[in-house]
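First the structure, in the form of structure tokens, and then the observations on it.
The values are calculated or read from the model by the stated rules, or taken from the named source; none is laboratory data. From a predicted model like this one, the values you see are computed outputs, not experimental measurements. Ideal geometry is used to build each Cβ from the backbone, glycine not excepted, and the neighbour counts take in all protein chains shown.
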Amino acid sequence: EAGVAQSPRYKIIEKRQSVAFWCNPISGHATLYWYQQILGQGPKLLIQFQNNGVVDDSQLPKDRFSAERLKGVDSTLKIQPAKLEDSAVYLCASSLAGAGNTIYFGEGSWLTVV
Amino acid sequence: GQSLEQPSEVTAVEGAIVQINCTYQTSGFYGLSWYQQHDGGAPTFLSYNALDGLEETGRFSSFLSRSDSYGYLLLQELQMKDSASYFCAVTPAGGSYIPTFGRGTSLIVHP
């Protein structure tokens, strides 16, 4: 079974530039998450989708971050304009719906803002 | 909201047993999970406790006590490859099933 796919794996941009990350979840997983992980910390949820609807985006900095999952499968996370503090790993994850289901993470997209 | 506390770092020697504790504050939750993350890698699921007690999976065991707001991950017969970060996460009650992660514990296994 294929895992969660993410791209690009690494990205370096200057502050105020924009960047987009792509995620393809495990086939059949209705729930998709984007987490931000700053070095030395645990993953912090940015947004959760159930199919193509947003379940929770309360921690997404909406003035600069946006995410979509138009057809309920792939998802894109965009940052515009980027700030230095956005340097982090952006982890996409997916799971079957419901509590207690295992969350499967992708390898992450490493962003460095200079 | 939820908050979780874990030690920042634990060291042990190969072959030993180590316990990583997690204390939490939450108004209600479905269960406590543990994830392992090697440097540069993705977090991978280790275990989930929905009920109080011990869950065993090979060399790894996880324990939950809801009355004490406490859980732990027990790693036995430590191997060098167990050097990684370990995160506890609570899945809060309320419908969204969104796990909240602790800051993680860095486990260093020495030969």
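Evaluate the following for B:Ser33: is it within 11 Å of chain A (Cβ to nearest Cβ), in a strand (DSSP E or B), without any contact (Cβ under 8 Å) to a residue 40 or more places away in the chain and among the polar types (S, T, N, Q)? So that I can check it myself, show each step before the final result.
Values: within 11 Å of chain A (Cβ to nearest Cβ): yes; in a strand (DSSP E or B): yes; without any contact (Cβ under 8 Å) to a residue 40 or more places away in the chain: no; among the polar types (S, T, N, Q): yes.
Criteria not met by B:Ser33.
Out of all the residues in the stretch B:5-27, which are on the phi < 0 side of the Ramachandran plot and in a loop (DSSP other than H, G, I, E, B)? Outline the logic, then answer.
Going through the stretch B:5-27, the residues on the phi < 0 side of the Ramachandran plot turn out to be B:5-14, B:16-27.
The answer is B:Gln6, B:Pro7, B:Ser8, B:Glu14, B:Ala16, B:Ile17, B:Thr26, B:Ser27.
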| task | Mind listing whichever residues of the stretch B:21-30 are in contact with a Ser or Thr (Cβ under 7 Å, 6 or more places away or on another chain) and more than 13 Å from chain A (Cβ to nearest Cβ)? | result | B:Thr23, B:Gln25
| request: Among the residues of the stretch B:39-58, write down those that are more than 13 Å from the chain's Cα centre (by Cα) and not in a strand (DSSP E or B). | output: B:Asp39, B:Gly40, B:Gly41, B:Ala42, B:Ala50, B:Leu51, B:Asp52, B:Gly58
| message | Against the condition within 11 Å of chain B (Cβ to nearest Cβ) and within 11 Å of the chain's Cα centre (by Cα), how does A:Lys78 come out, does it pass? | response | no
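For the stretch A:87-105, does any single residue satisfy the condition of being assigned to a strand (DSSP E or B), in contact with a Lys or Arg (Cβ under 7 Å, 6 or more places away or on another chain) and modelled with pLDDT under 95? Explain how you work it out, then say what you get.
Within the stretch A:87-105, the first condition is being assigned to a strand (DSSP E or B), and the residues that meet it are A:88-95, A:104-105.
So of that shortlist, the ones also in contact with a Lys or Arg (Cβ under 7 Å, 6 or more places away or on another chain) come out as none.
Scanning the stretch A:87-105, I find no residue that is assigned to a strand (DSSP E or B), in contact with a Lys or Arg (Cβ under 7 Å, 6 or more places away or on another chain) and modelled with pLDDT under 95, so the answer is no.
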| field | Members of the stretch A:79-91 found to be under 17 Å from A:Trp22 (Cα atoms), surrounded by 15 or more Cβ atoms within 10 Å (Cβ to Cβ) and not hydroxyl-bearing (Ser, Thr, Tyr), listed by number | value | A:Ile79, A:Ala82, A:Asp86, A:Ala88, A:Val89, A:Leu91
| Residues that are assigned to a loop (DSSP other than H, G, I, E, B), among the polar types (S, T, N, Q) and within 14 Å of B:Glu5 (Cα to Cα), drawn from the stretch B:59-111 | B:Ser69
